[in-house]
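Read the figures in this text as sums done on the coordinates, not as results from a lab. Quick caveat: nothing in here was measured; it's all calculated off a predicted structure. Glycine also receives a Cβ, built like all others from the backbone with ideal geometry; neighbour counts cover every protein chain displayed.
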Amino acid sequence: MSFRYIGSKARVVDTIIDRIGSPDSGMFIDAFSGTGAVAEAASRAGWKVHVNDHLSSSAIMSFARLVSKADVLFSGLGGYASAVEVLNSLKPQRGFIWREYSPASSQHCSVSRMYFTEGNAQKIDAIRSQIREWRSREDINQSEERVLIADLGHVDKWRSQRRIDVMSMKPRKLSAVLS
Ligand SMILES: C[S@@+](CC[C@H](N)C(=O)[O-])C[C@H]1O[C@@H](n2cnc3c(N)ncnc32)[C@H](O)[C@@H]1O
């Protein structure tokens, strides 16, 4: 999964893993995990991995790259693909993202922000609100909540100003082996 992130080591990750060498009985600690690209590569190379980042979006993104399929069954919602399908079909909702990050911002300040179209911003608001509700009803566990937030966080897909209301979340390929 690609993600633009200043300082990402995605392009040099193979070199980093080569330098680190083969896994041993120790632990690979990615203390500043960012996108989780290095942590994921270490995990794939066979290391036991801990990730850390003080930015919660990064911590969630890293977690979602490492979580094992077995820990995010989404059994309360009929599986992961069903959960994403429900999120993609929600009625748009005017909330924080619509108010602050779309041209609707001009209604309360002097700037018309163009991060998202009004349509896509409302879809994001509806999805975020539904994830919060699922979690509060315990329809999903904390790991499942993080995976869905990470999926939603791939905002590059939502950015187009030309194609209004065409964006949707894509289910990720959950790993069967990483943990
Ligand atoms: C350059 S990025 C890491 C890039 C990462 N290796 C990758 O390939 O995506 C640095 C990360 O360190 C995190 N960071 C900076 N200071 C930190 C601190 N004191 N504690 C935890 N995380 C920190 C930032 O939030 C940022 O996500």
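Could you compute the FRET efficiency for VAL86 and PHE32, with r as their C-beta to C-beta distance and R0 at 35 Å, rounded to 0.05? Spell out each step's value before the answer.
Values: r = 34 Å, r/R0 = 0.99.
Computed FRET efficiency for VAL86 and PHE32 comes out at 0.50.
At R0 = 45 Å, how high is the FRET efficiency between GLU100 and ASP18 if r is their beta carbon distance? Nearest 0.05 is fine. Mind showing how you got there, number by number?
Numbers: r = 43 Å, r/R0 = 0.96.
The formula returns an efficiency of 0.55 here.
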Q: From the P(r) of region 81-156, can you give the percent of Cα pairs sitting at distances over 20 Å?
A: 33
**Q.** Computed over region 1-66, Kirkwood Rh from alpha-carbon pairs, angstrom
**A.** 11.8
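Can you tell me the FRET efficiency between ASP71 and TYR115 if r is taken as the Cβ-Cβ distance and R0 is 41 Å, rounded to the nearest 0.05?
Efficiency computed from Cβ-Cβ geometry: 0.80.
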**Q.** Per-peptide average of other Cβ atoms within 10 Å, ordering 97-103, 37-43, 115-121 highest first
**A.** 37-43, 115-121, 97-103
(Q) Can you compute the charge dipole magnitude of region 1-66 about its Cα centre, using +1 on each Lys and Arg Cβ and -1 on each Asp and Glu Cβ, nothing else charged? Give it in debye, rounded to the nearest 20. (A) 160
